[in-house]
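Heads up, the thing below is written out as structure tokens.
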Amino acid sequence: DVKVTQSSRYLVKRTGEKVFLECVQDMDHENMFWYRQDPGLGLRLIYFSYDVKMKEKGDIPEGYSVSREKKERFSLILESASTNQTSMYLCASRSFLRGNEQFFGPGTRLTVL
Amino acid sequence: AQTVTQSQPEMSVQEAETVTLSCTYDTSESDYYLFWYKQPPSRQMILVIRQEAYKQQNATENRFSVNFQKAAKSFSLKISDSQLGDAAMYFCAYRSAGQGGGSEKLVFGKGTKLTVNP
């Protein structure tokens, strides 16, 4: 089975802190994604990565950056956390060759105080 | 840009009954994929069913089936014989069929919360 894991289920940070959210997939998928989920807004794409060291902005990249140094790992970085970044963050991965399904991690509930 | 609309923020159904969740989308493309994802209270999002736009036959997965109306840009999900475990948020999603240029990303609707009453 495809497995996508995220480093934390719950995270509490203070305004201005630098925050790292880590995502790891074990199926050698080329594509990886970071979404933000808020009630009434659904899932919105922050950034995605075609492959190692490649990244593209999604719909709401402001205030975020990403890093993909290894194929299995995709990190989301909040350079200076703000209260409006309190949200659920979902990571997903997809095989470029083997189909269209995105596989999701369990999510990280981030609270910025 | 493509958009996906789920007009029902919440739905409820009695156990063993049938429920239909609505989804409409807007696109100028002719080839694309549509998905229904389920997110139970534990938060792990899983794929329920997918439909390729070039296929006229509606997709079916056990108790889950879709009604895909390409001309109307409608993609509803029917859940038959509803079970307590079907209670979840359901998201409709769209993906372009191309490669590159951002076509890998999913465009999601805002979700429908389904409650199953015993």
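The table below gives the values:
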quantity	calculated
Test for residue A:28: is it in contact (Cβ under 8 Å) with a residue 24 or more places away in the chain, farther than 19 Å from residue A:112 by Cα and surrounded by fewer than 18 Cβ atoms within 10 Å (Cβ to Cβ)	yes
Within segment A:4-113, strands (runs of 3 or more DSSP E) holding 2 or more residues that are not β-branched (Val, Ile, Thr)	A:10-13, A:19-25, A:31-38, A:42-49, A:65-70, A:73-78, A:87-94, A:108-112
Condition check for residue B:2: surrounded by fewer than 20 Cβ atoms within 10 Å (Cβ to Cβ) and modelled with pLDDT under 90	yes
Selection count where residues are away from every other protein chain (no Cβ under 11 Å) and open to solvent by 40 Å² or more (accessible area, probe 1.4 Å), scope segment B:67-118	14
All positions within segment A:58-78 that are more than 19 Å from residue A:104 (Cα to Cα) and charged (D, E, K, R)	A:62, A:69
The lone exception for residue B:50 - which of (1) open to solvent by 20 Å² or more (accessible area, probe 1.4 Å); (2) modelled with pLDDT of 95 or more; (3) part of a strand (DSSP E or B) it fails	(2)
Matching residues, segment A:52-98, being farther than 13 Å from residue A:22 by Cβ and acidic (Asp, Glu)	A:56, A:59, A:62, A:79
Criterion: open to solvent by 70 Å² or more (accessible area, probe 1.4 Å) and within 11 Å of chain A (Cβ to nearest Cβ) - qualifying residue of B:42, B:30	B:42
So residue A:7, is it small (Gly, Ala, Ser) and either surrounded by 14 or more Cβ atoms within 10 Å (Cβ to Cβ) or modelled with pLDDT under 95 (or both)	yes
Residue in segment A:98-105 that is touching a strand residue (DSSP E or B) at 6+ places or on another chain (Cβ under 9 Å) and more than 11 Å from chain B (Cβ to nearest Cβ) present	no
Candidate set: segment A:59-86, residues that are open to solvent by less than 20 Å² (accessible area, probe 1.4 Å) and small (Gly, Ala, Ser); chosen: the one nearest to residue A:26 (Cα to Cα)	A:75
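The values are calculated or read from the model by the stated rules, or taken from the named source; none is laboratory data. What you see is a predicted model, and the numbers here were worked out from it, not measured in a lab. For neighbour counting, all protein chains shown are included, and Cβ atoms are generated from backbone atoms with ideal geometry for every residue, glycine included. Heads up: the accessible areas ignore ligands, DNA and RNA and are worked out on the full protein's heavy atoms, side chains in. Shrake-Rupley method; radii C 1.70, N 1.55, O 1.52, S 1.80 Å.
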